[in-house]
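The values are calculated or read from the model by the stated rules, or taken from the named source; none is laboratory data. Everything numeric here is computed off the predicted structure, so don't read it as measured data. Neighbour counts run over all protein chains shown; Cβ positions are idealised from the backbone, glycine included. Heavy atoms of the whole protein, side chains included, go into the accessibility calculation; ligands, DNA and RNA do not. Shrake-Rupley method; radii C 1.70, N 1.55, O 1.52, S 1.80 Å.
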Amino acid sequence: ATKKVVPQTVSAKAKTSKNKIILSWNKVSGASGYVVMKRNGKKWEKAAQVNGKTLKFTDKKVKKGKMYTYKVKAYKTYKGEKVFGSYSKSVKIKVK
């Protein structure tokens, strides 16, 4: 894939609300969608994949007092294949 196709890196932030974590990020121009990764112990798992119009993810699978880490990347569909941008910086948040 050409450099032009690779989406920009996402900038993500998180907040907690009543035993939920709401992760939000900036819109990346031309992105077909976003992938949200959640850290589970030592490994990263895919928490969600959303379309390009969606700029937030609400995680209800969280426990009070625990720390969670997320990262997000944008992708574009190019000639039928997904081309991924770089991950955002990891966002750490504790559920209040």
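Could you pull out every one of the strands (runs of 3 or more DSSP E) wholly within the chain that has 2 or more residues that are open to solvent by less than 50 Å² (accessible area, probe 1.4 Å) and at pLDDT 95 or above?
On the way: elements: 12-17, 20-25, 33-40, 43-51, 56-59, 67-78, 81-84, 91-94.
Filter on the chain gives 12-17, 20-25, 33-40, 43-51, 56-59, 67-78, 91-94.
Which residues, counting only those in the stretch 24-67, are more than 13 Å from the chain's Cα centre (by Cα) and closer than 15 Å to Ser90 by Cβ?
Passing the criteria: Asn40, Gly41, Lys42, Lys43, Met67.
Of all residues in the stretch 1-55, how many are charged (D, E, K, R) and touching a Phe, Trp or Tyr at 6+ places or on another chain (Cβ under 8 Å)? Step through it out loud before you land on a result.
Let us first name the residues in the stretch 1-55 that are charged (D, E, K, R), namely 3-4, 13, 15, 18, 20, 27, 38-39, 42-43, 45-46, 53.
After this cut, where a residue has to be touching a Phe, Trp or Tyr at 6+ places or on another chain (Cβ under 8 Å) as well, the list is 13, 38-39.
Selection size over the stretch 1-55: 3.
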